[in-house]
């Protein structure tokens, strides 16, 4: 009942804490015979890593992944794939002053109520450090989807605080430290983040993600809807507070005549549905947007209580992101990849390899 496993046919179980000796994951259900590109996995981990710019946490982990099992002579064997990363830059002493305090906006209170104790070092299991292993697992899923279906997955920043970026992915965001789709937005965002960091405060972010090349037919009509599983995957990421598929909440203001994605000359004329109809992929781009809250780990004091219920002023020291949503981009991509690969295997298990209907719509 611990719910540390994601997926149905392709499953990923993660383990470890922010300041524990190691973090890791076990991937089960991955098809055999697939070549593993360790350099590609490491590159994805570098994209997620802290310390890539002055605007993220300066914790600098090596994040060197070790393949423990499930790979032989460079290919997957069909048995569980275990991956392990050693934590090399934990500074637990930074959290000694709050070990008995409840940080407002964090999971401290709820962990105490559920388990009767908590790992106060960097948030323990509730830390975003756990998502490192999701990115490692997602890298394998990305590679498999690309190799077998030509699917590409791209995420980018759509908004940070009051800074809104309307530009969509243009092919360079993967190597951008702030995951902007347009380099011209960099000065405005850096200026905004510099002022934010000096103030000691934080803001939220909006991340867009798009999967291109997903075949029509993946997903389930009621329970196991593809969009529901994507939303659940995104909501499982630390600090997520909202998920939209396609037009999302903008659909509220649409007229039905505007929102419906009409088909003309053999092609969809819009994609308000975000590539999913009735819980099943339509063959269009699958698009989603994820809202991340501002971090509550601040040097600005805030009133709270200790574990005995006594009033205290909480000040969080250590290394923290002024905007955690920035580094969420590769995590969002990873969860999209893992969800899609799981559904690809589920679809193959029920319907086989080939489309069941000849109708083709672009």
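The values are calculated or read from the model by the stated rules, or taken from the named source; none is laboratory data. Here the structure is a predicted model, which is why all the values come from computation and not from measurement. All Cβ positions, even for glycine, are placed from backbone atoms using ideal geometry, and neighbour counts span all protein chains on display.
Every test in (1) closer than 30 Å to residue 311 by Cβ; (2) touching a strand residue (DSSP E or B) at 6+ places or on another chain (Cβ under 9 Å); (3) surrounded by 16 or more Cβ atoms within 10 Å (Cβ to Cβ); (4) modelled with pLDDT under 85 is passed by residue 100 save one, and that test is (3). There is at least one residue in the stretch 161-181 that is in contact with a helix residue (DSSP H, G or I) (Cβ under 6 Å, 6 or more places away or on another chain), at pLDDT 85 or above and assigned to a strand (DSSP E or B). For the stretch 211-268, a residue qualifies if it is touching a residue at least 40 places away in the same chain (Cβ under 8 Å), surrounded by fewer than 13 Cβ atoms within 10 Å (Cβ to Cβ) and under 22 Å from the mean Cα position of the chain (by Cα), and exactly one does: 241.
Selection of first residues in the stretch 72-96 that are modelled with pLDDT under 95 and of second residues that are in a loop (DSSP other than H, G, I, E, B) and surrounded by fewer than 17 Cβ atoms within 10 Å (Cβ to Cβ), restricted to Cβ pairs under 6 Å at least 6 apart or on distinct chains, gives the following pairs, ordered by first then second residue: 88/62; 89/60; 94/317. I'm trying to understand the selection: among the residues of the stretch 238-254, which are assigned to a loop (DSSP other than H, G, I, E, B), on the phi < 0 side of the Ramachandran plot and modelled with pLDDT of 95 or more? Selection gives 247, 254.
Filter the stretch 182-210 down to residues that are over 22 Å from the mean Cα position of the chain (by Cα) and more than 30 Å from residue 299 (Cβ to Cβ), then give me how many there are. Count: 2. Restricted to the stretch 309-362, and to residues there that are without any contact (Cβ under 8 Å) to a residue 60 or more places away in the chain and part of a helix (DSSP H, G or I), the residue that is surrounded by the fewest Cβ atoms within 10 Å (Cβ to Cβ) is 350.
Looking at residue 119, is it at pLDDT below 95, on the phi < 0 side of the Ramachandran plot, in contact with a helix residue (DSSP H, G or I) (Cβ under 9 Å, 6 or more places away or on another chain) and part of a loop (DSSP other than H, G, I, E, B)?
Values: at pLDDT below 95: yes; on the phi < 0 side of the Ramachandran plot: yes; in contact with a helix residue (DSSP H, G or I) (Cβ under 9 Å, 6 or more places away or on another chain): yes; part of a loop (DSSP other than H, G, I, E, B): yes.
Answer is yes for this residue.
Screening the stretch 1-20 for residues that are in a loop (DSSP other than H, G, I, E, B) and closer than 12 Å to residue 129 by Cα and picking the one that is modelled with the highest pLDDT gives 17. Summed over the stretch 269-308, residues that are part of a strand (DSSP E or B) and over 21 Å from the mean Cα position of the chain (by Cα) total 7.
All conditions but one from (1) over 21 Å from residue 235 (Cβ atoms); (2) under 15 Å from the mean Cα position of the chain (by Cα); (3) at pLDDT below 85 apply to residue 139; the one that does not is (3).
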